[in-house]
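Quick notes on the structure that follows.
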Amino acid sequence: MTLWGGRFSEDPDDILWRYTVDHSDRRLLLDDITGSMAHVTMLGHTGIVPGDEAETLRAGLEKIRDDALSGRFRFSDGDEDVHAAVERHLIELVGEVGAKLHTGRSRNDQVALDLRLHMRRMAADRIDQIAGYIETLADIAGDHATTPVASYTHLQQAQVVPLGHHVLAYAWMAMRDRDRFIDLRRRLSESPLGANASGGSSLPLDPVAVAEELGMDATFHNSLDAVASRDLVSEYVFCAASTMVSLSRLAEEMTMWASTEFGWVTYADRHTTGSSALPQKKNPDMAELARGRTADAIGAVTTILVMQKALPLSYNRDLQGDKEQVFRVDDLLSSTLTALSAMLRGAEFHPPVPSSWTTTLDLAETLVRRGVPFRHAHEAVGGLVGRLVAAGRDLADITPAELLDAHERFERDDVDLVDPTTSMDRRASPGGGSPESVREQVRLLGERLARE
Ligand code: ARG
């Protein structure tokens, strides 16, 4: 039975049903019940529905919530959506008074509320999960505060940094991704219930009481905006997609680091897969799939925005598709955080010592400390590099005489500067790639996570 049979002389065609009914909103079940409980409480206290009837409605909804929590709630093929399913159950349970549930309400403001409640819960989960991922990165960084690796620009070896410093770059990205969810959760705390179908109601609804009961901070100011807007859904999808992009960049590196050429890491056997053809293979599939599936998250951002771009006010059925997008991206983000965190926890890092070429800036900055303008120092060291490369030699092999020949301000002991393992100990600038900086970052990250 539909919620709108009255004005129709025919039953809905199967074709219509199959085309319009979308089960993705079944995930909103608990939120729909929560919203309805707040609604009937408000109907009772405003006197729109007699107090005893509001009590009966509330008790019925509580029973339905228990059924939902214990998995006993059953949808039927005739339920057009989650809202219809809950109303049908309620009427089955409490009889005719159940027909008062939808007083002063439309599925338009109802679904807008359900979705906000649900996104608030999803955001809370993702905020916790990202914190766990940051802790994983911080633990690895703590273990590798003094393990030297090359940092890269243009995928060319640049300077020596601790492996921990490299890993923590992803922790700070994740911290901002997490902050975006925290920020969005505040915006999600505005209740649209009471907007009704589009223009409000002639009944004395009390949207503020509903919001308060739901632990939300505010109510809508414009009923058309309340039922028509999905920018917060777009924002959720973006927050998730942006986090996926951050994870995907790490996933790309995790894949690359496991190559023979890089040789930085060995993943646990249980977190890798084999080849059906090549017995020696050990593939980082979880990282590759994270990278690949990020395409879907990025696509969802486009889909959710395009879905809204030409919609007239206020509610339009197009908007039903918002749920599929946001749920899919959220599931993807959740499973990816779990997969990559596990892979990282089980990983053994053993990066090779970077080449001595990564120390050329130390040579130049030594001259700077002795008063040589940086541009001249760069020129002198660049000349030395050019001669060594032309001769097929390594910077590690230079002699004190060659160094003195490169610039008069060099001293014989400066040959020690080309040892890449000591380069990062000289790094003095705040936030730079030094062991001390890594330890400080780990401390700061812990402090931030403890605060929020
Ligand atoms: N299933 C709909 C959605 O998700 C619920 C709102 C339907 N409203 C309506 N007037 N048909 O958007």
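What follows draws every value from the coordinates through simple rules; no lab data is involved. Computed from a predicted model, the values in this text were never measured in an experiment. Reconstructed Cβ throughout: ideal geometry from the backbone, glycine too, with neighbour counts over all protein chains shown.
Things to note:
- Residue within the range 49-60 that is of a type outside the set (S, T, N, Q) and within 16 Å of the ligand (Cβ to nearest atom) present: no
- Here the condition is being under 22 Å from SER24 (Cα atoms) and either in a helix (DSSP H, G or I) or free of Cβ contacts under 8 Å to residues at least 60 places away in the same chain (or both); of MET286, MET254, MET307, it holds for MET307 alone.
- Failed criterion for GLU324 (all others in (1) charged (D, E, K, R); (2) away from the ligand (no atom under 16 Å from the Cβ); (3) surrounded by fewer than 20 Cβ atoms within 10 Å (Cβ to Cβ) hold): (2)
- Looking at LEU384, LEU363, LEU388, just one residue is over 27 Å from ILE140 (Cβ atoms), free of Cβ contacts under 8 Å to residues at least 12 places away in the same chain and not acidic (Asp, Glu), and that residue is LEU388.
- Residues in the range 54-64 that are buried (at least 16 other Cβ atoms within 10 Å of the Cβ), without any contact (Cβ under 8 Å) to a residue 40 or more places away in the chain and either polar (S, T, N, Q) or out of contact with any Leu (no Cβ under 7 Å at 6 or more places or on another chain) (or both): ARG58 alone.
- Checking each residue in the range 90-119 for being of a type in the set (Asp, Glu) and either within 15 Å of the ligand (Cβ to nearest atom) or touching a residue at least 40 places away in the same chain (Cβ under 8 Å) (or both) picks out ASP109, ASP114.
- When GLU261, GLU235 are screened for being of a type in the set (Asp, Glu) and surrounded by 15 or more Cβ atoms within 10 Å (Cβ to Cβ), only GLU235 passes.
- Cross-chain or 6+ apart pairs with Cβ under 6 Å, the range 184-210 first and outside any helix (DSSP H, G or I), then within 16 Å of the ligand (Cβ to nearest atom) and among the charged types (D, E, K, R): LEU188/ARG116; PRO192/ASP109; LEU193/ASP109; ALA195/ASP109; ASN196/ASP109
- Filter result (surrounded by fewer than 19 Cβ atoms within 10 Å (Cβ to Cβ), part of a helix (DSSP H, G or I) and touching a helix residue (DSSP H, G or I) at 6+ places or on another chain (Cβ under 9 Å)) within the range 417-435: THR422, ASP425, ARG426
- Those residues of the range 210-263 which are more than 23 Å from MET286 (Cβ to Cβ), charged (D, E, K, R) and over 25 Å from the mean Cα position of the chain (by Cα), in sequence order: GLU212, GLU213, ASP225
- Test for LEU168: is it away from the ligand (no atom under 16 Å from the Cβ), touching a residue at least 12 places away in the same chain (Cβ under 8 Å), part of a helix (DSSP H, G or I) and crowded, with 24+ Cβ neighbours inside 10 Å: yes
- Residue tally, condition within 13 Å of the ligand (Cβ to nearest atom) and part of a helix (DSSP H, G or I), over the range 67-89: 6
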